[in-house]
Amino acid sequence: MRNVNQICSAVLMAGSLISPGIALAHTDIAAFDQSVFAEAPETVDCTLEDGTQTTCHKLVVNYMPDGLEIGPFCPATLDDAGGIWNWTGENGKLYRIDGDFLRMLDGLGYRFFDDDGNVHSVDNATTRPTVDHACINVTPDETVEITMLVPETPVMAESPKTLGVVGKVGVALDGVPIFSDAPSIQQTGHMPALDTCGGHIDPGGWYHWHATATDIDTVYDHANVKADCGLHQDSSAQFGYAFDGFPMFGSTETDGSPVSELDACNGHTGPTAIGETYHYHSSEDFPNLPPCLVGVQAENNFSTTATAGVGASRAGEDMRIEPPRPDDGGPAGQTPPGFDKAAEKLGVTVEALLQALGDPHGGHPDIAVASKNLGVTEAKLRNILPPPPNH
């Protein structure tokens, strides 16, 4: 195992150089809205995924910050406007979830409404969908707490870690967890609608972002989408910290100037409001988050008290009812054999891998779609995945 003082002195990747002369800024707990914490933040010993022994900030937050207004998600009818969705099929782009968008999907074979124009909407934490295509609108669970670990001092990885689908990105300064792109309709058949700030409720009952919410207007302007996020928009402000400990900012520098020389993870080294350090920037395309992380995350860095969804303990009684979901891995939430090792090789969570594959137990995952969402070639994915049962 490595000690934190054994960090590589220089890392070169896709146009960005982190040199020995550049300090790596410490994670600043004071930057967070202190009211979001369910417990006072503390510094704890932790182990990073590469074996580095170091210290992490332990952050415990509630299911959602007090006073945060969320929604709309699913529209009630074709005459209403709901949240947003990044459609990745034919005519792919970012859309407002409204009648025009849903009729377009209907023309492509994805019917989300009945003959009277009522949109099929379901809380998939309590109700199993009875239609092929439903808009997902989960009810919050106010009892849920989330625990996250963020390295106090970032450690550079030997190579960037691709986030893929529903990868752990970081935590916003309002305490809301941040995840990479949500599973596509092509994967699950359903649409876990995002609100106009780019967030939604996990099946476990807690809210999380799939976008840089404080700079999402930049995306709307670029995509010509008529939507409005109720949060204050500032393209130069810090949005949060990635789970590798590096800060995340909007699409411009802190002085409002354009960004330049970004690497493959949409980051670079330069001055920020918290010092000279490597940092990520949001983009003008959705999801406007880094597609990969250059640093190393802590082991077991995300857990919840929920009994369903990402980070769930799946223990206890009175479990919320869920339909079979790709990240469940099959009956009783058990991971199919070999998929934990495959996820490790791909640098993604088991949940993200299973969601990308859609139905590994059924033996007919869409490798083409899964490889695209995971950011790898079909050949590499087929080589890493365990063979189907009885093969």
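Values quoted throughout were computed directly from the atomic coordinates according to the rules given, and no laboratory measurement underlies them. Quantities reported herein were computed from a predicted structural model and do not represent experimental measurements. Heads up, the Cβs are rebuilt from the backbone with ideal geometry, glycines too, and the neighbour counts pull from every protein chain shown.
Within the shell defined by Cβ-Cβ distances under 12 Å, the residues around V60 carry a net charge of -2, with Lys and Arg each +1 and Asp and Glu each -1. Compared with the direct C-alpha span, the chain from D45 to T139 gains 30.3 nm at full extension, assuming 0.36 nm per residue.
Using the Cβ-Cβ distance between T130 and Q186 with R0 = 30 Å, the FRET efficiency computed as 1/(1 + (r/R0)^6) comes to roughly 0.90. Here the simple spin-label model places points 7 Å from the Cα toward Cβ, and for T254 and H222 these points are separated by 2.3 nm.
Other residues lying with their Cβ under 11 Å from the Cβ of G245 contribute a combined charge of -3, Lys and Arg counting +1, Asp and Glu -1. Modelled spin labels at T77 and N300, positioned 7 Å past Cα toward Cβ, are 5.2 nm from each other. Ordering 38-48, 243-253 by mean Cβ neighbour count within 10 Å, with the highest value first, yields 243-253, 38-48. The fewest-to-most ranking of K58, K226 by surrounding Cβ atoms within 10 Å reads K226, K58. Let's test the formula: R0 of 41 Å, r as the Cβ-Cβ distance of R103 and K345. What FRET efficiency results, to the nearest 0.05? Computed FRET efficiency for R103 and K345 comes out at 0.50. Between A38 and L68, the distance separating the two model label sites (each 7 Å from Cα on the Cα→Cβ line) works out to 1.3 nm.
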